[in-house]
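See below for the structure under consideration.
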Amino acid sequence: MMSRRVRILLIAVAVIFLVGVAGSFFVWNSPHGQVVQVVQDGRVLYTFDLSSQDDRTIQVEYDGRSNSIQTQDGRIRMLKADCPDHTCIQMGWLNSAVPIVCLPSHLVIQFAPSHDSMDAALR
Ligand SMILES: [Zn+2]
């Protein structure tokens, strides 16, 4: 009776420990903050902090084509695009380290690499 209780207790402790490890693993791998960049040909056109960004739509032109980028409820996506494939629109809201890319318009929407390198770039 006693040893069974101890075993259950040990399993419970192990589960709590594993959940904790998995949780911190997730936090470490999530994008740093909510800062998003709109990059074209290696130039940062816009920087948004999604945690404080108002809902808006911005227009980006490239080579006669235009793309509409929408921010809403702390998220960002490609709303409209004149590109032939529309892959960028199908990617939906930016929600991970995978950037939204529009190859024909040379556009990338991505989370800012990290606060450290952002600070370094500003100096
Ligand atoms: Zn596109």
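The values are calculated or read from the model by the stated rules, or taken from the named source; none is laboratory data. The structure displayed is predicted, hence computed values, not measured ones. When we count neighbours, we look across all protein chains shown, and the Cβ atoms used for this are built from the backbone with ideal geometry, even at glycine.
Checking each residue in the stretch 88-105 for being in a loop (DSSP other than H, G, I, E, B) and surrounded by 11 or more Cβ atoms within 10 Å (Cβ to Cβ) picks out Met91, Gly92, Leu94, Asn95, Ala97, Pro99, Leu103, Pro104, Ser105. Out of the stretch 78-100, which residues are of a type in the set (D, E, K, R), closer than 12 Å to Arg65 by Cα and near the ligand (Cβ under 9 Å from one of its atoms)? Passing the criteria: only Asp82.
One line per residue, one yes/no per condition, for (1) closer than 28 Å to Pro104 by Cβ; (2) exposed (fewer than 11 other Cβ atoms within 10 Å of the Cβ); (3) at pLDDT below 95:
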site: Ser3; (1), (2), (3): no, yes, yes
site: Ala14; (1), (2), (3): no, yes, yes
site: Val19; (1), (2), (3): no, yes, yes
site: Asp55; (1), (2), (3): yes, yes, no
site: Ile58; (1), (2), (3): yes, no, no
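Listed by first and then second residue, the pairs with beta-carbon distance under 7 Å, at least 6 apart or on different chains, first residue in the stretch 12-33 and within 24 Å of Gln53 (Cβ to Cβ), second of a type outside the set (Gly, Ala, Ser) and at pLDDT below 85, are His32/His115; Gly33/His115. Out of all the residues in the stretch 38-52, is one or more in a loop (DSSP other than H, G, I, E, B) and surrounded by 13 or more Cβ atoms within 10 Å (Cβ to Cβ)? Scanning the stretch 38-52 turns up at least one residue that is in a loop (DSSP other than H, G, I, E, B) and surrounded by 13 or more Cβ atoms within 10 Å (Cβ to Cβ).
Scanning the stretch 64-74 for residues that are modelled with pLDDT under 95 and closer than 19 Å to Thr47 by Cβ turns up Asp73, Gly74. Does the stretch 68-87 contain any residue that is surrounded by 16 or more Cβ atoms within 10 Å (Cβ to Cβ), assigned by TED's automatic domain parsing to the domain that holds Pro104 and not in a strand (DSSP E or B)? Looking through the stretch 68-87, at least one residue is surrounded by 16 or more Cβ atoms within 10 Å (Cβ to Cβ), assigned by TED's automatic domain parsing to the domain that holds Pro104 and not in a strand (DSSP E or B).
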